[in-house]
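Have a look at the structure below, then the notes.
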Amino acid sequence: MDKNYDLPIDAALFPEGCTRCSLSKFLVWIAAVMAVFGWGLYAAFRVLSEGLGVTGLDDYFGFGLWITFDLAVIALGAGAFFTGLLRYILNIDPLKNIINLTVIVGFLCYSGAMLVLVLDIGQPLRAWFGYWHANVHSMLTEVIFCITCYCLVLIIEYVPLILEQKQLNRNKLVHAIAHNFHLMMPLFAGIGAFLSTFHQGSLGGMYGVLFARPYIARDGFFIWPWTFFLYVLSAVGSGPVFTVLVCTIMEKMSGKRLVTWEIKSLMGKIAGTMLTVYMVFKLADTWAWANDILPRSGLTFDQLFYGWIYGKWLLWAELFACGVLPAIILITPSLRNNRTLFYTAAILDCIGVTINRYVMTVQALAAPVMPFDSWETYAPNWAEWGASAMIMAYAALILSLSYRYLPVFPQEVKLNK
Amino acid sequence: MALDRRGFLKFIGGATAGILATPVVWKSLDDVSIWSQNWSWIPRNIDGANSYVPTVSKLCPSGVGVRVRLVDGRPVRVLTNNDHPLGGGLSSIAAAEVQLLYSPSRMKRPLKRTADGAYVGITWEEAETMLVEGLKKAKGGDKLAVVSGDETGTINELFTALAAEMGSKSCFLMPGEAQPAAKAWELMGGEGQVGYDIEKSDYVLAIGANVLETWGPVIRNRHAFRVGRPHGEAPAVRFAYAGPVQNNTASTADVWLAIRPGTEAVLALGLANLLIKAGAASPAADFAEFRALAARFTPEQVAAQTGVDAKRLAAVAQELAKAKRPLVIAGSEFGQGGGAAPVLAGLALNSLLGSMNREGGIRALPYARKVVPAAMDRKALLQNDLVAWLGKVASGKAAAPQAVVFYEANPVYALPQADAVKATLAMACDLVLPVPMGLERFDDVDTPYGCGQVVYALAVPALAPLVDARPAGDVVIGIAKKLGADLGVAAFADALKAKAEARGASFTEPSATNAHVSGAVLPVNGIALRPDVLSKAIDVKAPAFPVALAPVAKLNVGTSMTATPPFNTKTVRRWEIQGKELYVMMNGATAAKLGLRKHDRIELSNPAGKFTVRVNVFEGVMNDTVAVPAGHGHTAFDEFSKGKGENVMRLLAAGAEPGTGLSVWTSAGVNIAKA
Amino acid sequence: MSSFKEFKIKWGMAIDLDKCTGCGACMVACQAENNIAPQPDASNKLKSLNWLVVYELTNGKPFPEHEVAYLPRPCMQCGKPSCVSVCPVIATEKNEEGGIVSQIYPRCIGCRYCMASCPYHARYFNWFDPIWPEGMDKTLTPDVSVRPRGVVEKCSFCHHRFMQAKDKARVEGRDPNALNDGDYITSCTEACPNGAIVFGDVNNPAHKVHELVKSKYAFRLLERLGTDPQVYYVSRREWVRRLGDNYLENEKVKG
Amino acid sequence: MEDRQLNSSGCATDGGKCCGGGITPFLVGLVVSLIFGWWVFPDMLYSKKEQPIRFSHKVHMEDAGMECKQCHVLREDGTFAGLPSTASCADCHSDVMGSDPEEARFVNEYVKTGKEVKWLVYQIQPDNVFFSHAAHSLDGCNQCHDFKESELCAQCHPDVANSDSAPTLYENKLTGYSKQTMKMWQCERCHANENHYGVTSSSNACFVCHK
C-alpha cells in the first residue's frame, strides 16, 4: 500500500478505520498537559523531600484537598465497576459501547488516587506496612487492600485494550492474550464489582466509625456505620454520568462522535435510578443525624455550620440542587432526553458527590467538638493543588494516548462515516 | 547463542522470579523503612548515667529552687526541687533554662565594639585590659556608674565595692518591686526588708501585685497557693486580686476587683476606710491622721477613681475583716514603676488588719551583713533610683558618667521610655563580656523581696561554662586589683561563703537543696502609716488620654534581662502574637466605643512613643483600658524572639511620685487610632 | 467500636482547673522531657507541636462578669480510644497494664487517620523534620526517641518515667506492678507549682487521684461521646464544668 | 469484545514455537539473580568493623573467674551502664599484667591517657527501643528456666564467654545498625510467648519496648 502523506506520521498506529489530528497538534496538547504535570511533579518533589509542612494541611486538618480528591475520583470512577457489573454480569449489552472508557476512567481514578496517597502519607517508604502490619479493625486497612486489589483488576481490564492496539495486535501471542483476557472479563468484572462495592463502602465507613466526631459519626441504627451504604450508592449514582461527561468532553475536543446518544441516555438512566435510591437514604440519614446523633452528642443542627465557608448552603446544595434535582431529571425520560438538561444534571450530580466527599472530609474536621474549641478553616495551598493537578494531567495524558492509539470506542467508525 | 528479543524477555522474567526468591527486595524494603527511623539528620539519644545537681535559678526572677538532671555530665532538664524553700514547681522560664545554655544568641567570647559599630571577638586578656583602661578614666567623683540586674546576689557587693574604690556611689539596680517597697517600709519606720508570710495567711488580697505570676518569689507563693487550695476542695485560703487585667493571678483568685491601672493605692485607701468604719484600728501614732485621709475615700469616691464595683469592694472589705490571718500585698501589676504609695497603703491596710509582725502577715526580715567591706549594702543600693538618675543625666542635672558597667541588665530594652534611654546611654556598650550562665556558676539568692522568711540559697554549677565566659565576681576582683584596689575578698567563692555564714548557713555537707531558711525576724515597733506622704503620693493626675495602658507581665516570654527561651514560643497565646504582630487586649465595650473589632490593626501612641498592633477582644480587661502583653518586641536575641511584637516599655514615661520622688510609670495612657 | 481491655492499673490525672493559672510551665517541662523540638514561630497553633496544650476557657460574659480559666490538655488516654482502632498499621494501641495509649513512631506511616478521629486534638503530626538550634540537641534526654517528619505523636503520660519507676522498684526489690503513689508522675505534674495536676493510679485506693476523680466536681471532656478518658478535670465552677462537654440548652451539668 | 474481528487461529495452538528459544534464558536469569540475591547482595549491604582492642572474654571469665555483671553493670536507678569504662578496667590493668601485646596496647593507649575505648556494640538498639536490663533478670527467667548468667545473656547477645576474640561487627550500610541488632520478632520469642504471661511481667504491648 502506498503511503498516504496526508495522514499524520503516526497514522499506522491509529485504531482501525479512525482518523486523528496531526501529530504536531497532538504534541502541542501533550506539551500543555506535561506543563501542568511538571508543576505537580515539583510540588511532589518538595513534599517528599521536605515533608508535608509544605502543604496547607495542619493538625486540625490532617485530611484536606488530597483526601477529598481521592474520595471524589474514586466515587466518580465507580462508573467502571458498576457499568462492568451491568454489562458483564447482568448482560445489558448496549453498554459494551462505553465499557472501555469506563475501564480507563476507573483505572485513572484509582491509580491517581493511589499516587496521591503516596504523597499524602508522611512516610511513603513505609507504605507497605499497610499490607504487612495490617490492623484488621481499621476501615482504612479495608480501603488499602480493596483499592490495591481493585486497581490491579482495573489494570487487568485495561491491558487487553492496550493489547488490541492495531500494531501490537498483529503479534499472534498478544492477540491471543487479549482475546483470552476478554473471555475472562466477566470474572474480573465480578471481582471488581465486589471489591469496589466493598471499598466504596469502607471509605464511607472510615468516616462513620469516628464516633467522637459527631459531624460524621453514624451509629445507633441498623448496621453501624451506615455511611458504608451511602458511599456505595452515591458512587454508583454518579460514576456512570461522570464517564458520560468524560466521553462528551473527548467528543468536543476531538470533534468526533464517539458514543451514541442512546448509550449516554442509558448511562444517565442508570445513574439517575441509583441517585434516586441514594437520595432517599441520604435524606433519611440527614434527618436521623440532625434529630438523633446530634442531640445525643449535645449538639444542635445549627452548631455544625459556620460562616460562609462551612455554611448550610453546602448541605442544601448537596441535597437538593445537586441531589434531588439531577435525580428527577435523570429518571424522567422526557427531561433526560433534553440534552441541555441531561448534561446539567450530570454535572450537578458529579458536583453533589464531590461536595459530599468534601464536607465529610474537611467540614467534619473543622467542626469543633470540645465546646471551648474554635472553628478553624482550611484552604489548600499550591503544593496540594499542584499534586492534584498532576493527577488530572496524568489522566489527560493517558486518555489522550488511549484515544489516539487504542480502539476505545467501538461505535466511532460508524458514527463518523 | 545470540539473545533475541524474546530470549531477553525470558531472561528478565527469570531474573525477576529469581530476585523475588532472594532477600534483595524484601530486605531492602525492610531496611529502607528502618532507615526512615534513623535519618542521619535527626538527632540521636545519648545514653548515660544520671546525676542531679540541686541549685537555684538565677534566670528566673523568683529564684526558684531546682534540680538539674545531667546525663553523663550533659545537662538535659531543669527539674522541680520540692525540698527547696524557693521551689516546689517550676516557672515557665526556669523550666527552659537548660536549653537556654545553647541559645543561638549566647555570646561565646568577649566582644569589642569597633569604630563602625560592629562587634568583634577579642581575648579575655585584651578585654580586661580595655576594661581597666576604661575604668581608670572614670576614677573619682561619681564618674563610674554600675547597673545590676541581679536583685538578690552577693555579686552586687563586689560591683558596688569596686565603684566605691573608684569614688563612685552611682550604683543602681534595675527597677523592680523591691525598691518602692524598701522606700515605703523606710518611710513607715520599719527595719530590714519587708516580708509577706503568705504560707500562714488564710486570706490574701493582692492589689496590683501579680503574686502568682511575677511578684516576689513566685514559685514559693504558688506553693503556698497549692497548699492552701486542696485539690477540688473548698479553698482553705482565699485569694483576691485587684488589677486592671484578669491576669494569671486573677484567673484563679476567688475575687477579681477590676481597677484602672495605677490606682492601687486609692483602692487600698478605700478598703481602709471601710475597715475603719467597721471598727478596725491601727496602733500607729499617726492613725488619726490616716483615718482622716482614708475617710476621704468613700466607696463612691473610690469607684469613681478606680472604676471598681462598690459592692465587690465592700464584700472584699468584709472578707478581710472576717479573716483570721489576712494579708494584703500591694505592688505594680507588671512588677515595676509602681512607686511607694501602693505599698504604703497596702502596709497600712495590714496594720489595720493587725497583720503586722504576725504569722501569716507582715514580717521584717534582717538584711544580711555585708561581706565586702567597701560595698554598698542592699538597703543603700535599693535607695538609688536608676530611672530618676538617667532622667537627670539626660536633662543635664547630673553629670554624665565616664563609664557605665551593666551586669545582667538590659536597660535599653527594659526601662521606661526605652528610646530615650537608648539615646542617653549613647546607644551601646564598647565591651561585652560573657559570664557563665546561672547553671554554670556559683552564685547566690538571698531572700528575694516578698519572701516571708530569710532564705539563703546557693547556686551551684551543674556544668562548666560552654563558652569562653568568666565569672563576673572573679573578674571584678581581678580588675580591682589591677586598679590598685583591694576589695577584701580573694575570690567570689569566699564572698559567697562569708555571705552564707552571715545568714547562718553552712554548706559544707552536700545537701538536697543548697538552701538555708532562717526564722530570724526583726521587731516591728513604732510603725507609722505616713498619711502625710500618702496623701501627696496618691495625687497622681489621671492621664489625659482616652485609653489607659495596662502592661501585662508573664514569665513565659522572658524577663527584663533575657528574651523568650526557644521552648517558650509555644506557650505564647494565640492572640498574643501572630507572626510578628502583637495583639493587645480590650473588653468588648471599650472596643465598641472605639469602633474596633478583633484583628483590627491599630496604632497606640503617646508622647513617649508609638507602635502598631492588632486588637484582641478579651473581656477580662478594665473599661477604657488597653492591656498590652509585656516582654515582646526584642530587637536583639535569636529567631525565637527577635523582631516579634512590640516593646510596651516604649509607651511608658516615668514621672516622679509626689512626696517620695520615686520614679513611677504605672499610670500611662495612649491614643488609639486605626492603622 | 471494637472492645478494649480493662486494666487493673489505670494511670490517670485529676487536673484542678481552679488551680491552674495558665503559666505554661507544664508545656515547657513537657517539651524538654519528651524531646519536642522548639519552634521559632509557633504562632500558628494549628501547626505547632506540643503534647500538652493549655486552652483558655471563658464564661462568655462581658466585663466585669467575665471569668477565665485555663485547661491543660494532655492526651486523654481514653478507655475507649477512637484513635486506636482506626490505625491501619497498629502503630497505636491500648494494651499495656496501666491503660496508656501507645504511639509507636517507627511503625507510623503518617496517614493521620488517628488525628481525624481524636476530638481533643491531642495528636500531632511532624510536618517537618525536628530542628534544634546548633548544640541544643545535646540537651535531649535519652528517654524518648526523636521523631522524624511524617509521623504522628502524642502525649504518652511520660511513659518512660513509668518504665523507670518500675526499674527502680525492681532494683530495690519492690513489686514493679505495685508502685506507690508518687513513684511515677509525669513531667507536667511535677512541674506545676500550683499542684493543679494529680497523677496516679485511678484504680488504686492508696493513690490520691483515686478519691479525687470521684469528686462531685470532677468531670471528663466530652464524656457523652463514649471515649472514657483517663484524664479527669475538677472545677468548683459550674460554667467550667459545663464547658467540659456539649450540652443542649435544657440539659443540666453534673455537680 | 468478541464482536471485534479476531483471528482465532492464533498462537494458542502452537505456543511453544511462537515463544521459541526454549527455557534456557529464563533459567539463566533465575540463577544469576539467585546468586546475586543470596551471595553478592548481603556482602554489599554490610561493612565489616573490628573492635579497637582485641578483647578476650574467655580469659576474663575462665581464667580470672569473673561474671558478666562485674563489668556490665546495672546502676542503682535500674539503668544499665553497658560497657565498662577505662577507669574500671584500670582497677586491674593499672599496669600491664600479662604478655598479650593487645593488653599492653590497651594499657599504653587508653589507661595511661585516660581515653575511653570506642567499643563496638553488636546489640545496639534503635533510639525508639526501650530495653531494661533490670527487667530481664536471672531471677525472673529462672522461675521456670535454668539459665546460667552467661546463658541468659546469650539469649540476645553473641555468646562471647568462650571466645578469645570479639567477633567482627557487620554494619548495615543502609540502616547503620549491626547485623546482630535484634529484630522485633526476636524480642517476641519471649514477649509474645503466652507461657510467660502471668509468670513474668512480660507483655507484648508496644510501649513495653518502644519509646
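The values are calculated or read from the model by the stated rules, or taken from the named source; none is laboratory data. It should be emphasised that the depicted structure is a prediction, and the values quoted were computed from it without experimental measurement. Cβ: placed from backbone, ideal geometry, glycine included. Neighbour counts: every protein chain shown.
Here are a few things to note about the model shown:
- Single unsatisfied condition, B:Ile276 versus (1) modelled with pLDDT under 95; (2) surrounded by fewer than 22 Cβ atoms within 10 Å (Cβ to Cβ); (3) not charged (D, E, K, R): (1)
- Conditions (1) more than 7 Å from every other protein chain (Cβ to nearest Cβ); (2) not in a strand (DSSP E or B); number of the one not met by B:Ala15: (1)
- Taking (1) at pLDDT 95 or above; (2) at positive phi in turn, C:Gly226 satisfies each apart from (1).
- Cβ pairs under 9 Å, 6+ apart, first in region B:246-264 and in a helix (DSSP H, G or I), second basic (Lys, Arg): B:Asn248/B:Lys554; B:Thr252/B:Arg229; B:Thr252/C:Lys19
- Close pairs (6 angstrom Cβ cut-off, 6 or more residues apart or separate chains): closer than 20 Å to D:Gln51 by Cα in region D:94-105, among the small types (Gly, Ala, Ser) anywhere: D:Val96/D:Ala104
- If only residues of region B:542-557 that are within 12 Å of chain C (Cβ to nearest Cβ) and either basic (Lys, Arg) or in a loop (DSSP other than H, G, I, E, B) (or both) are counted, the one that is surrounded by the fewest Cβ atoms within 10 Å (Cβ to Cβ) is B:Ala553.
- Within region C:225-255, considering residues that are without any contact (Cβ under 8 Å) to a residue 12 or more places away in the chain and of a type outside the set (Ser, Thr, Tyr), the one surrounded by the most Cβ atoms within 10 Å (Cβ to Cβ): C:Arg242
- No other residue among A:Ala364, A:Ala396 is at pLDDT 95 or above, within 14 Å of chain C (Cβ to nearest Cβ), buried (at least 17 other Cβ atoms within 10 Å of the Cβ) and in a helix (DSSP H, G or I) apart from A:Ala364.
- Region D:102-137: number of residues that are under 12 Å from D:Cys89 (Cβ atoms), in contact with a Cys (Cβ under 9 Å, 6 or more places away or on another chain) and either in a loop (DSSP other than H, G, I, E, B) or among the charged types (D, E, K, R) (or both): 1
- Matching entry among B:Pro54, B:Pro75, B:Pro61 (being surrounded by 16 or more Cβ atoms within 10 Å (Cβ to Cβ), in contact with a strand residue (DSSP E or B) (Cβ under 9 Å, 6 or more places away or on another chain) and more than 7 Å from every other protein chain (Cβ to nearest Cβ)): B:Pro54
- Filtering A:Ile329, A:Ile293 for residues that are in a helix (DSSP H, G or I), touching a residue at least 40 places away in the same chain (Cβ under 8 Å) and closer than 30 Å to C:Gly226 by Cα leaves a single hit, A:Ile293.
- Note on region C:72-96: residues that are facing another protein chain (nearest Cβ under 7 Å) and farther than 12 Å from C:Ala122 by Cα amount to 9.
- Search result, residues across region C:32-75 that are polar (S, T, N, Q) and touching a residue at least 24 places away in the same chain (Cβ under 8 Å): C:Asn34, C:Asn35, C:Asn50, C:Asn59
- Lone qualifier among B:Thr508, B:Thr564, B:Thr513 - being outside the structural domain of B:Val613 (by TED's automatic domain parsing), over 30 Å from B:Lys593 (Cβ atoms) and surrounded by 17 or more Cβ atoms within 10 Å (Cβ to Cβ): B:Thr513
- Neighbours by Cβ (under 6 Å, 6+ apart or cross-chain): first from region B:26-38, within 12 Å of chain C (Cβ to nearest Cβ); second in a helix (DSSP H, G or I): B:Ser33/A:Leu125; B:Ser33/A:Arg126; B:Ser36/A:Leu125
- Some residue of region D:177-186 being modelled with pLDDT of 90 or more, touching a helix residue (DSSP H, G or I) at 6+ places or on another chain (Cβ under 8 Å) and buried (at least 16 other Cβ atoms within 10 Å of the Cβ): yes
- In region C:1-45, the residue that is surrounded by the fewest Cβ atoms within 10 Å (Cβ to Cβ) out of those that are within 7 Å of another protein chain (Cβ to nearest Cβ), of a type in the set (A, V, I, L, M) and over 14 Å from B:Thr569 (Cα atoms) is C:Met1.
- Of the residues examined, A:Leu57 is one that is assigned to a loop (DSSP other than H, G, I, E, B) and more than 18 Å from the chain's Cα centre (by Cα).
- Selection status of B:Arg363, farther than 28 Å from B:Ala656 by Cα and of a type in the set (Lys, Arg): yes
- Qualifying residue in region C:194-212 (condition: within 14 Å of chain B (Cβ to nearest Cβ) and among the polar types (S, T, N, Q)): yes
- Pairs linking a residue in region B:219-239 that is at the interface with chain C (Cβ under 7 Å from one of its Cβ atoms) to a residue that is assigned to a helix (DSSP H, G or I) and among the aliphatic types (A, V, I, L, M), with Cβ atoms under 7 Å and 6 or more positions apart or on different chains, are B:His231/C:Leu212; B:Gly232/C:Leu212.
- Enumeration of residues in region B:170-190 that are over 25 Å from the mean Cα position of the chain (by Cα) and surrounded by fewer than 21 Cβ atoms within 10 Å (Cβ to Cβ): B:Gly189
- The set of residues in region B:573-585 being under 18 Å from C:Cys23 (Cα atoms), in a loop (DSSP other than H, G, I, E, B) and either out of contact with any helix residue (DSSP H, G or I) (no Cβ under 8 Å at 6 or more places or on another chain) or more than 7 Å from every other protein chain (Cβ to nearest Cβ) (or both) consists of B:Arg573, B:Trp575, B:Glu576.
- Qualifying residue in region B:594-608 (condition: at pLDDT below 95 and surrounded by 19 or more Cβ atoms within 10 Å (Cβ to Cβ)): yes
- For region D:90-109, a residue qualifies if it is more than 19 Å from D:Ser163 (Cα to Cα) and either of a type in the set (Val, Ile, Thr) or surrounded by 14 or more Cβ atoms within 10 Å (Cβ to Cβ) (or both), and the qualifying residues are D:Ala90, D:His93, D:Val96, D:Ala104, D:Arg105, D:Val107, D:Glu109.
- Residue match in region C:105-113 (condition: at positive phi and either of a type outside the set (S, T, N, Q) or buried (at least 23 other Cβ atoms within 10 Å of the Cβ) (or both)): yes
- Checked against (1) crowded, with 24+ Cβ neighbours inside 10 Å; (2) in contact (Cβ under 8 Å) with a residue 24 or more places away in the chain; (3) within 9 Å of chain C (Cβ to nearest Cβ), A:Asp58 passes all but condition (1).
- Just one residue in the set B:Leu135, B:Leu90 is touching a Pro at 6+ places or on another chain (Cβ under 7 Å) and either assigned to a helix (DSSP H, G or I) or touching a residue at least 40 places away in the same chain (Cβ under 8 Å) (or both); that residue is B:Leu90.
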